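One structure is given here, and the rest of the page talks about it.
The values are calculated or read from the model by the stated rules, or taken from the named source; none is laboratory data. Because the structure is a prediction, the values reported are computed rather than measured. Please note: Cβ atoms are built from the backbone with ideal geometry, for glycine as well, and neighbour counts cover all protein chains shown.
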Amino acid sequence: MIARRTILIKLPKDKCDTAYIRRLMALTNLAYRGYEVWVPDLPKTIQYQLYGSFKNYMESLVFGTTPKKWFAETWIPLKTLRIYDDGSRKGDRRASVVLDFRSNIIKLRQICKNEPRYVITIPMPKWVIERVKEGGDIKFARIGLKDNEPYLALTAERKVKPYQPSNYILVIDVNAWNNGITWGLIKGGIIIKWKPEIPNLREIDNLYNLSVRLSREYGKLKRMGLEKTEEGKRLWKKIKKLRRRLFAKLRDYAQKLVYRLVRKALRHKAFVIIDDMIEESRRELLEMKLPSGLKKLYLVYTKRFVRLLITQLEWYGVPYKFKRLYSRKCPRCEHELTQEDGRVMVCKNCGFKAPRDKVPMHWVIKFSNRLA
Ligand SMILES: [Zn+2]
(Lines give C-alpha, C1' and ligand atoms only; values in the text may rest on other atoms or scores of the structure.)
Protein backbone atom coordinates (compact mmCIF):
# COMPACT_ATOMS: atom_id res chain seq x y z
CA MET A 1 0.00 0.00 0.00
CA ILE A 2 1.22 3.50 -0.77
CA ALA A 3 0.76 6.02 2.01
CA ARG A 4 1.07 9.75 1.62
CA ARG A 5 1.36 12.71 3.93
CA THR A 6 1.41 16.37 3.02
CA ILE A 7 2.77 19.48 4.68
CA LEU A 8 2.02 23.12 3.87
CA ILE A 9 4.86 25.61 4.02
CA LYS A 10 4.22 29.32 3.93
CA LEU A 11 6.48 31.10 1.46
CA PRO A 12 7.93 34.58 1.99
CA LYS A 13 5.43 36.91 0.36
CA ASP A 14 8.00 39.58 -0.45
CA LYS A 15 9.94 37.09 -2.56
CA CYS A 16 6.90 35.77 -4.41
CA ASP A 17 4.88 37.41 -7.14
CA THR A 18 1.31 36.42 -6.28
CA ALA A 19 -0.02 37.65 -9.64
CA TYR A 20 2.40 35.29 -11.40
CA ILE A 21 1.40 32.36 -9.19
CA ARG A 22 -2.24 33.15 -9.87
CA ARG A 23 -1.60 33.01 -13.62
CA LEU A 24 0.10 29.64 -13.26
CA MET A 25 -2.86 28.43 -11.23
CA ALA A 26 -5.25 29.45 -14.00
CA LEU A 27 -3.12 27.57 -16.54
CA THR A 28 -3.09 24.52 -14.29
CA ASN A 29 -6.84 24.66 -14.11
CA LEU A 30 -6.98 24.59 -17.90
CA ALA A 31 -4.45 21.76 -18.05
CA TYR A 32 -6.66 19.68 -15.75
CA ARG A 33 -9.45 20.13 -18.27
CA GLY A 34 -7.23 18.98 -21.09
CA TYR A 35 -6.51 22.38 -22.64
CA GLU A 36 -3.04 23.32 -23.69
CA VAL A 37 -2.40 27.01 -23.70
CA TRP A 38 1.17 27.99 -24.48
CA VAL A 39 1.91 31.41 -23.12
CA PRO A 40 4.93 33.08 -24.75
CA ASP A 41 6.08 35.06 -21.72
CA LEU A 42 6.11 32.16 -19.26
CA PRO A 43 9.10 29.88 -18.67
CA LYS A 44 9.02 26.85 -20.94
CA THR A 45 10.14 24.51 -18.15
CA ILE A 46 6.99 25.19 -16.17
CA GLN A 47 4.75 24.80 -19.19
CA TYR A 48 6.43 21.53 -20.15
CA GLN A 49 5.61 20.27 -16.69
CA LEU A 50 1.98 21.21 -17.14
CA TYR A 51 1.47 19.72 -20.56
CA GLY A 52 4.14 17.11 -20.91
CA SER A 53 4.82 14.82 -18.04
CA PHE A 54 2.05 16.29 -15.96
CA LYS A 55 -0.61 14.35 -17.83
CA ASN A 56 0.82 11.02 -16.77
CA TYR A 57 1.58 12.21 -13.35
CA MET A 58 -1.92 13.57 -12.81
CA GLU A 59 -3.19 10.00 -12.44
CA SER A 60 -1.14 9.53 -9.34
CA LEU A 61 -2.20 12.75 -7.73
CA VAL A 62 -4.41 11.63 -4.91
CA PHE A 63 -4.47 15.17 -3.66
CA GLY A 64 -5.10 16.79 -7.01
CA THR A 65 -8.79 16.20 -7.50
CA THR A 66 -10.24 17.84 -10.56
CA PRO A 67 -11.33 21.39 -9.79
CA LYS A 68 -15.09 21.72 -9.60
CA LYS A 69 -15.56 25.24 -10.76
CA TRP A 70 -14.34 26.88 -13.88
CA PHE A 71 -11.32 28.94 -12.83
CA ALA A 72 -11.44 27.48 -9.38
CA GLU A 73 -8.17 27.77 -7.58
CA THR A 74 -5.93 24.94 -8.65
CA TRP A 75 -2.50 24.45 -7.23
CA ILE A 76 0.35 23.91 -9.63
CA PRO A 77 1.79 20.39 -9.47
CA LEU A 78 5.57 20.36 -9.59
CA LYS A 79 8.28 17.78 -9.88
CA THR A 80 11.04 17.55 -7.35
CA LEU A 81 14.71 16.76 -7.36
CA ARG A 82 16.11 15.20 -4.18
CA ILE A 83 19.79 15.46 -3.40
CA TYR A 84 20.75 13.24 -0.47
CA ASP A 85 23.59 13.41 2.06
CA ASP A 86 25.78 11.05 0.08
CA GLY A 87 25.33 13.15 -3.05
CA SER A 88 22.96 10.69 -4.73
CA ARG A 89 20.08 12.17 -6.66
CA LYS A 90 16.52 11.20 -7.36
CA GLY A 91 13.93 12.85 -9.54
CA ASP A 92 14.01 15.28 -12.42
CA ARG A 93 17.20 17.23 -12.95
CA ARG A 94 15.23 20.21 -14.25
CA ALA A 95 12.59 20.13 -11.51
CA SER A 96 11.43 23.44 -10.06
CA VAL A 97 11.63 22.17 -6.50
CA VAL A 98 15.03 21.03 -5.30
CA LEU A 99 15.34 19.42 -1.88
CA ASP A 100 18.94 19.47 -0.83
CA PHE A 101 19.53 17.30 2.23
CA ARG A 102 23.25 18.10 2.30
CA SER A 103 22.61 21.66 3.42
CA ASN A 104 18.96 21.17 4.44
CA ILE A 105 17.50 23.73 2.13
CA ILE A 106 14.76 23.80 -0.47
CA LYS A 107 15.29 25.75 -3.66
CA LEU A 108 12.37 26.95 -5.72
CA ARG A 109 13.28 27.74 -9.29
CA GLN A 110 11.21 30.00 -11.51
CA ILE A 111 7.92 29.42 -9.82
CA CYS A 112 7.85 32.38 -7.46
CA LYS A 113 8.57 35.09 -10.00
CA ASN A 114 8.62 35.24 -13.78
CA GLU A 115 12.27 36.20 -14.05
CA PRO A 116 14.95 34.09 -15.73
CA ARG A 117 16.86 32.02 -13.18
CA TYR A 118 14.88 33.42 -10.29
CA VAL A 119 15.47 31.21 -7.25
CA ILE A 120 14.35 31.43 -3.67
CA THR A 121 15.71 29.31 -0.87
CA ILE A 122 13.82 28.19 2.21
CA PRO A 123 14.99 26.07 5.13
CA MET A 124 14.13 22.37 5.05
CA PRO A 125 11.29 21.74 7.51
CA LYS A 126 11.94 19.20 10.26
CA TRP A 127 8.81 17.42 9.06
CA VAL A 128 10.51 16.55 5.75
CA ILE A 129 13.61 15.17 7.46
CA GLU A 130 11.46 13.03 9.76
CA ARG A 131 9.39 11.61 6.89
CA VAL A 132 12.52 10.79 4.91
CA LYS A 133 13.98 9.06 7.96
CA GLU A 134 10.83 6.96 8.12
CA GLY A 135 11.46 5.82 4.58
CA GLY A 136 9.40 8.42 2.77
CA ASP A 137 10.28 10.15 -0.46
CA ILE A 138 9.12 13.63 -1.44
CA LYS A 139 8.04 12.99 -4.98
CA PHE A 140 5.36 15.61 -5.33
CA ALA A 141 5.12 19.29 -4.63
CA ARG A 142 2.54 21.92 -5.36
CA ILE A 143 2.57 25.66 -5.18
CA GLY A 144 -0.46 27.87 -4.82
CA LEU A 145 -2.25 30.65 -3.02
CA LYS A 146 -4.37 30.35 0.06
CA ASP A 147 -6.05 33.55 1.24
CA ASN A 148 -3.73 35.32 -1.18
CA GLU A 149 -0.66 33.97 0.61
CA PRO A 150 1.83 31.82 -1.30
CA TYR A 151 2.35 28.26 -0.07
CA LEU A 152 4.35 25.23 -1.00
CA ALA A 153 2.84 21.80 -0.37
CA LEU A 154 5.18 18.85 -0.14
CA THR A 155 3.87 15.31 -0.30
CA ALA A 156 5.83 12.42 1.12
CA GLU A 157 5.16 8.98 -0.25
CA ARG A 158 6.02 5.65 1.29
CA LYS A 159 5.30 2.00 0.62
CA VAL A 160 3.98 0.32 3.74
CA LYS A 161 2.78 -3.06 4.75
CA PRO A 162 0.32 -3.00 7.65
CA TYR A 163 1.65 -4.89 10.66
CA GLN A 164 0.17 -8.07 12.06
CA PRO A 165 -1.90 -6.86 15.04
CA SER A 166 -1.44 -8.24 18.56
CA ASN A 167 -4.43 -9.06 20.76
CA TYR A 168 -4.91 -5.36 21.52
CA ILE A 169 -7.72 -3.35 19.97
CA LEU A 170 -7.76 0.43 20.09
CA VAL A 171 -11.29 1.78 19.72
CA ILE A 172 -11.71 5.39 18.65
CA ASP A 173 -15.22 6.68 18.97
CA VAL A 174 -15.65 9.99 17.21
CA ASN A 175 -18.47 12.11 18.57
CA ALA A 176 -19.31 15.59 17.49
CA TRP A 177 -16.45 17.81 18.56
CA ASN A 178 -18.28 19.19 21.59
CA ASN A 179 -18.44 15.71 23.11
CA GLY A 180 -14.93 14.97 22.01
CA ILE A 181 -13.40 11.67 21.13
CA THR A 182 -13.42 8.60 23.32
CA TRP A 183 -10.75 5.97 23.04
CA GLY A 184 -10.55 2.60 24.67
CA LEU A 185 -7.90 -0.06 24.80
CA ILE A 186 -9.15 -3.63 24.77
CA LYS A 187 -6.97 -6.65 25.41
CA GLY A 188 -8.28 -10.15 25.09
CA GLY A 189 -11.88 -9.05 25.51
CA ILE A 190 -11.30 -6.78 28.51
CA ILE A 191 -11.39 -2.98 28.52
CA ILE A 192 -8.12 -2.14 30.19
CA LYS A 193 -8.32 1.61 29.72
CA TRP A 194 -10.71 4.14 28.28
CA LYS A 195 -10.94 7.88 28.27
CA PRO A 196 -13.10 10.62 26.77
CA GLU A 197 -10.98 13.43 25.35
CA ILE A 198 -12.72 16.76 25.23
CA PRO A 199 -11.12 19.98 23.98
CA ASN A 200 -11.18 23.07 26.16
CA LEU A 201 -14.46 24.30 24.80
CA ARG A 202 -14.82 27.37 26.96
CA GLU A 203 -11.66 28.85 25.53
CA ILE A 204 -12.79 28.08 21.99
CA ASP A 205 -16.29 29.45 22.61
CA ASN A 206 -14.81 32.63 24.06
CA LEU A 207 -12.51 33.20 21.11
CA TYR A 208 -15.37 32.52 18.73
CA ASN A 209 -17.80 34.86 20.46
CA LEU A 210 -15.26 37.63 20.65
CA SER A 211 -14.45 37.35 16.96
CA VAL A 212 -18.17 37.47 16.10
CA ARG A 213 -18.69 40.54 18.26
CA LEU A 214 -15.75 42.37 16.69
CA SER A 215 -16.89 41.35 13.21
CA ARG A 216 -20.25 42.97 13.92
CA GLU A 217 -18.53 46.17 15.01
CA TYR A 218 -16.43 46.05 11.88
CA GLY A 219 -19.58 45.59 9.80
CA LYS A 220 -21.01 48.73 11.32
CA LEU A 221 -17.88 50.71 10.46
CA LYS A 222 -17.99 49.32 6.95
CA ARG A 223 -21.58 50.41 6.43
CA MET A 224 -20.52 53.92 7.40
CA GLY A 225 -17.61 53.70 5.00
CA LEU A 226 -15.11 53.88 7.85
CA GLU A 227 -13.35 50.55 7.42
CA LYS A 228 -10.21 52.16 5.99
CA THR A 229 -9.72 54.45 9.00
CA GLU A 230 -7.06 53.78 11.64
CA GLU A 231 -9.75 52.33 13.89
CA GLY A 232 -11.18 50.14 11.14
CA LYS A 233 -7.81 48.75 10.17
CA ARG A 234 -6.89 48.04 13.76
CA LEU A 235 -10.17 46.23 14.31
CA TRP A 236 -9.72 44.13 11.17
CA LYS A 237 -6.23 43.13 12.26
CA LYS A 238 -7.56 42.12 15.64
CA ILE A 239 -10.32 39.99 14.08
CA LYS A 240 -7.86 38.22 11.81
CA LYS A 241 -5.56 37.54 14.73
CA LEU A 242 -8.42 36.12 16.81
CA ARG A 243 -9.55 33.84 14.01
CA ARG A 244 -6.02 32.60 13.46
CA ARG A 245 -5.75 31.79 17.15
CA LEU A 246 -9.07 29.97 17.11
CA PHE A 247 -8.17 27.82 14.10
CA ALA A 248 -4.70 27.16 15.49
CA LYS A 249 -6.22 25.96 18.77
CA LEU A 250 -8.58 23.55 17.05
CA ARG A 251 -5.91 22.30 14.66
CA ASP A 252 -3.38 21.89 17.40
CA TYR A 253 -5.79 19.91 19.51
CA ALA A 254 -6.65 17.57 16.64
CA GLN A 255 -2.98 17.08 15.72
CA LYS A 256 -1.84 16.32 19.24
CA LEU A 257 -4.67 13.88 19.82
CA VAL A 258 -3.99 12.06 16.54
CA TYR A 259 -0.31 11.86 17.42
CA ARG A 260 -1.06 10.32 20.82
CA LEU A 261 -3.57 7.83 19.46
CA VAL A 262 -1.26 6.67 16.68
CA ARG A 263 1.60 6.24 19.18
CA LYS A 264 -0.73 4.24 21.41
CA ALA A 265 -1.68 1.94 18.54
CA LEU A 266 1.96 1.47 17.55
CA ARG A 267 3.10 0.78 21.10
CA HIS A 268 0.63 -2.09 21.50
CA LYS A 269 0.60 -3.14 17.84
CA ALA A 270 -3.14 -2.76 18.17
CA PHE A 271 -5.82 -3.16 15.58
CA VAL A 272 -7.74 0.12 15.36
CA ILE A 273 -11.52 0.35 15.11
CA ILE A 274 -12.98 3.74 14.34
CA ASP A 275 -16.57 4.75 14.76
CA ASP A 276 -16.88 7.89 12.70
CA MET A 277 -19.31 10.62 13.68
CA ILE A 278 -22.66 9.52 12.46
CA GLU A 279 -25.82 11.31 11.49
CA GLU A 280 -27.07 10.90 15.04
CA SER A 281 -24.31 12.93 16.66
CA ARG A 282 -24.39 15.39 13.81
CA ARG A 283 -28.08 15.98 14.42
CA GLU A 284 -27.44 16.22 18.13
CA LEU A 285 -24.87 18.90 17.53
CA LEU A 286 -27.15 20.83 15.20
CA GLU A 287 -29.90 20.79 17.80
CA MET A 288 -27.65 22.25 20.47
CA LYS A 289 -27.92 25.87 21.51
CA LEU A 290 -24.70 26.97 19.86
CA PRO A 291 -24.05 29.69 17.29
CA SER A 292 -24.33 28.14 13.82
CA GLY A 293 -20.84 29.27 12.85
CA LEU A 294 -19.41 27.43 15.81
CA LYS A 295 -21.36 24.26 15.00
CA LYS A 296 -19.97 24.38 11.49
CA LEU A 297 -16.49 24.83 12.85
CA TYR A 298 -16.90 21.80 15.12
CA LEU A 299 -18.11 19.70 12.22
CA VAL A 300 -15.23 20.79 10.02
CA TYR A 301 -12.65 19.98 12.67
CA THR A 302 -14.21 16.62 13.49
CA LYS A 303 -13.91 15.65 9.84
CA ARG A 304 -10.34 16.92 9.76
CA PHE A 305 -9.50 14.90 12.81
CA VAL A 306 -10.70 11.71 11.15
CA ARG A 307 -8.83 12.51 7.93
CA LEU A 308 -5.64 13.23 9.82
CA LEU A 309 -6.01 10.06 11.85
CA ILE A 310 -6.43 7.89 8.74
CA THR A 311 -3.48 9.52 6.99
CA GLN A 312 -1.18 8.78 9.91
CA LEU A 313 -2.49 5.28 10.58
CA GLU A 314 -1.79 4.43 6.94
CA TRP A 315 1.61 6.07 7.02
CA TYR A 316 2.72 3.94 9.95
CA GLY A 317 1.08 0.76 8.68
CA VAL A 318 -1.48 0.50 11.46
CA PRO A 319 -4.32 -1.82 10.41
CA TYR A 320 -7.71 -0.19 10.93
CA LYS A 321 -11.35 -0.53 10.12
CA PHE A 322 -14.41 1.67 10.30
CA LYS A 323 -17.23 0.13 12.23
CA ARG A 324 -20.57 1.44 13.33
CA LEU A 325 -20.73 1.05 17.10
CA TYR A 326 -23.80 1.77 19.16
CA SER A 327 -24.16 3.88 22.25
CA ARG A 328 -27.94 3.58 22.58
CA LYS A 329 -28.31 -0.15 22.08
CA CYS A 330 -27.52 -2.76 24.74
CA PRO A 331 -24.42 -4.78 23.85
CA ARG A 332 -25.75 -7.69 25.92
CA CYS A 333 -29.34 -8.05 24.71
CA GLU A 334 -29.60 -5.37 21.97
CA HIS A 335 -32.49 -3.72 23.81
CA GLU A 336 -32.78 0.08 23.52
CA LEU A 337 -30.78 1.79 26.30
CA THR A 338 -32.14 4.60 28.46
CA GLN A 339 -29.98 7.58 29.24
CA GLU A 340 -29.80 8.67 32.86
CA ASP A 341 -28.12 11.65 34.50
CA GLY A 342 -24.43 12.14 33.79
CA ARG A 343 -24.55 10.34 30.42
CA VAL A 344 -25.06 6.93 32.03
CA MET A 345 -26.82 4.34 29.90
CA VAL A 346 -29.03 1.70 31.44
CA CYS A 347 -30.76 -1.35 29.97
CA LYS A 348 -34.24 -1.82 31.39
CA ASN A 349 -34.29 -5.33 30.01
CA CYS A 350 -31.12 -6.99 31.36
CA GLY A 351 -29.73 -4.46 33.80
CA PHE A 352 -26.61 -3.55 31.79
CA LYS A 353 -25.23 -0.19 32.90
CA ALA A 354 -22.30 1.83 31.60
CA PRO A 355 -21.21 5.39 30.90
CA ARG A 356 -22.46 6.33 27.48
CA ASP A 357 -18.99 6.75 26.00
CA LYS A 358 -18.01 3.29 27.19
CA VAL A 359 -20.91 1.45 25.51
CA PRO A 360 -19.17 1.34 22.08
CA MET A 361 -16.20 -0.47 23.71
CA HIS A 362 -18.58 -3.21 24.89
CA TRP A 363 -19.84 -3.52 21.36
CA VAL A 364 -16.29 -4.05 20.10
CA ILE A 365 -15.84 -6.86 22.63
CA LYS A 366 -19.08 -8.39 21.45
CA PHE A 367 -17.96 -8.17 17.81
CA SER A 368 -14.51 -9.59 18.51
CA ASN A 369 -16.00 -12.48 20.50
CA ARG A 370 -18.20 -13.23 17.56
CA LEU A 371 -15.17 -13.29 15.29
CA ALA A 372 -13.11 -15.50 17.63
ZN1 LIG B 1 -29.63 -5.38 27.83
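State whether one or more residues within the range 311-323 are under 14 Å from the mean Cα position of the chain (by Cα) and either more than 20 Å from residue 157 (Cα to Cα) or of a type in the set (A, V, I, L, M, F, W, C) (or both). Quick ask: steps written out before the conclusion?
If we filter the range 311-323 for residues that are under 14 Å from the mean Cα position of the chain (by Cα), which is where we start, we get 311-315.
Adding the requirement that they be either more than 20 Å from residue 157 (Cα to Cα) or of a type in the set (A, V, I, L, M, F, W, C) (or both) leaves 313, 315.
Yes, there is a match, as at least one residue in the range 311-323 is under 14 Å from the mean Cα position of the chain (by Cα) and either more than 20 Å from residue 157 (Cα to Cα) or of a type in the set (A, V, I, L, M, F, W, C) (or both).
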Problem - Of all residues in the range 185-211 being at pLDDT 90 or above and among the aliphatic types (A, V, I, L, M), the one that is surrounded by the fewest Cβ atoms within 10 Å (Cβ to Cβ) - result: 190
Handout entry: Pairs with Cβ under 7 Å, 6+ apart, first in the range 317-337 and basic (Lys, Arg), second within 13 Å of the ligand (Cβ to nearest atom) and assigned to a loop (DSSP other than H, G, I, E, B)
Key = 332/350; 332/352
Practice task
Go through the residues of the range 225-236 one by one and say whether even a single one is surrounded by fewer than 18 Cβ atoms within 10 Å (Cβ to Cβ) and touching a strand residue (DSSP E or B) at 6+ places or on another chain (Cβ under 6 Å).
Solution key: no
Exercise for the section: Hey, can you tell me all the residues within the range 215-266 that are more than 21 Å from the chain's Cα centre (by Cα), part of a helix (DSSP H, G or I) and either acidic (Asp, Glu) or within 21 Å of residue 179 (Cβ to Cβ) (or both)? Expected result: 217, 230, 231
Practice task
Go through the range 110-139 and give me each residue that's assigned to a strand (DSSP E or B) and under 17 Å from residue 11 (Cβ atoms).
Solution key: 119, 120, 121, 122, 123, 138
Exercise for the section: Output the number of residues of the range 88-132 satisfying the condition of being surrounded by 18 or more Cβ atoms within 10 Å (Cβ to Cβ), among the aliphatic types (A, V, I, L, M) and over 27 Å from residue 20 (Cβ atoms). Expected result: 1
Exercise for the section: Would you be able to say whether some residue in the range 354-370 is among the hydroxyl-bearing types (Ser, Thr, Tyr), at pLDDT 90 or above and either farther than 30 Å from residue 2 by Cα or surrounded by 13 or more Cβ atoms within 10 Å (Cβ to Cβ) (or both)? Expected result: no
Handout entry: Residue pairs meeting the criteria (Cβ under 7 Å; at least 6 apart or on separate chains; first without any contact (Cβ under 8 Å) to a residue 12 or more places away in the chain, in the range 347-362; second part of a helix (DSSP H, G or I) and within 11 Å of the ligand (Cβ to nearest atom))
Key = 354/362
Practice task
Report yes if some residue within the range 322-329 is out of contact with any His (no Cβ under 8 Å at 6 or more places or on another chain), away from the ligand (no atom under 16 Å from the Cβ) and at positive phi; otherwise report no.
Solution key: no
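Looking only at the range 267-279, how many residues end up being modelled with pLDDT of 90 or more and either in a helix (DSSP H, G or I) or among the charged types (D, E, K, R) (or both)? Give the derivation first.
First, the residues of the range 267-279 that are modelled with pLDDT of 90 or more: 267-274.
After this cut, where a residue has to be either in a helix (DSSP H, G or I) or among the charged types (D, E, K, R) (or both) as well, the list is 267-269.
The total comes to 3.
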Practice task
Looking only at the range 337-351, decide whether some residue is under 29 Å from residue 200 (Cα atoms), more than 12 Å from the ligand (Cβ to nearest atom) and hydroxyl-bearing (Ser, Thr, Tyr).
Solution key: no
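Take the residues of the range 1-58 that are part of a helix (DSSP H, G or I) and polar (S, T, N, Q): which is modelled with the highest pLDDT? Before you say what the answer is, go through the steps one by one.
Initially, the range 1-58 is screened for residues part of a helix (DSSP H, G or I), giving 13-15, 18-32, 44-58.
Narrowing the set further to residues that are polar (S, T, N, Q) leaves 18, 28-29, 45, 47, 49, 53, 56.
On the way: 18: 94, 28: 83, 29: 80, 45: 75, 47: 77, 49: 74, 53: 56, 56: 54.
The qualifying residue modelled with the highest pLDDT is 18.
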